[in-house]
Amino acid sequence: MPVTSEVDLYAPVKAFLEAQGFDVKGEVRSCDLVAVRPGEPPVLVELKLRFSLSLVLQGIDRLALSDRVYLAVPRPSGRRTAGPNANEANVRKLCRMLGLGLLTVEPNARPGHQVDLVIEPAPYRPRVNAKRARLLLKEHGRRTGDPNRGGSTKVKIVTAYRQEALRCAQLLQTNGPMPVSALRRDGDAPNAASILQRNVYGWFERVSRGTYTLTPEGTRGLEQFAPETSTTPPC
């Protein structure tokens, strides 16, 4: 049977905590569930039928009472549903960042298998991804000017890679077929060889070994990104 009320989640979570030696009571000063074990901070659990912003905000509010706060929602069924669910990596990451625990509950499962402990509440200690940080700074440094408006959607982003390709395309439009070495030098395009060989945008065509020309698609690309082709390359 589907879970239709937050009350359906209460008994399984209560049994889960009582099995660990907690004294559990419901609806204590606006908290859905409060569990106490001698000599420890109380465990607070907020019950909801789905993971939502309001549930997260409730959990954050309860952190003023204890650092052992759990959010409890029905165990995801595997079917796609509107909004986030507890199986999503971003949901688990958010809970970790906020120091909130996460439980999933299936009241109709057999006793002992009704509650899954997904995340324990603990202080968040983010680890910097050194590789991603380097790529971020490299992309920032290689971009010429500020070609994109922050918050843009459904538009093509002008990356440093695209800017290099545009500089190569502009030189080919002006000078006709050119060798890769000249494009690398004159277009400030250290990745010229890869850009021309991969031809991601369909802008280039090889006319002889190491020499390329501009395609009609490349001409259209220059027209589409005209403001970028007039930008001075970085020193």
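The values are calculated or read from the model by the stated rules, or taken from the named source; none is laboratory data. Source: prediction; values computed, not measured. Glycine gets a Cβ as well: all are built from the backbone with ideal geometry, and neighbour counts include every protein chain shown.
Could you tell me whether Ser181 is of a type in the set (Gly, Ala, Ser), out of contact with any Phe, Trp or Tyr (no Cβ under 9 Å at 6 or more places or on another chain) and surrounded by fewer than 10 Cβ atoms within 10 Å (Cβ to Cβ)?
It is false that Ser181 is of a type in the set (Gly, Ala, Ser), out of contact with any Phe, Trp or Tyr (no Cβ under 9 Å at 6 or more places or on another chain) and surrounded by fewer than 10 Cβ atoms within 10 Å (Cβ to Cβ).
Please pick out the residue among Gly210, Gly187 that is closer than 23 Å to Arg143 by Cβ and modelled with pLDDT under 95.
It is Gly187.
Is it fair to say Arg132 is of a type in the set (D, E, K, R), more than 24 Å from Leu222 (Cα to Cα) and either in contact (Cβ under 8 Å) with a residue 24 or more places away in the chain or not in a loop (DSSP other than H, G, I, E, B) (or both)?
Judged against the criteria, Arg132 is a match.
Quickly run through region 101-129 and pick out the residues that are free of Cβ contacts under 8 Å to residues at least 12 places away in the same chain and assigned to a strand (DSSP E or B).
None; the set is empty.
Tell me which residues, restricted to region 148-195, are part of a helix (DSSP H, G or I), within 21 Å of Glu223 (Cα to Cα) and free of Cβ contacts under 8 Å to residues at least 12 places away in the same chain.
Result: Thr174, Asn175.
Return yes or no: is Leu71 in contact with an Asp or Glu (Cβ under 8 Å, 6 or more places away or on another chain) and either crowded, with 19+ Cβ neighbours inside 10 Å or in the same structural domain as Cys31 (by TED's automatic domain parsing) (or both)?
yes
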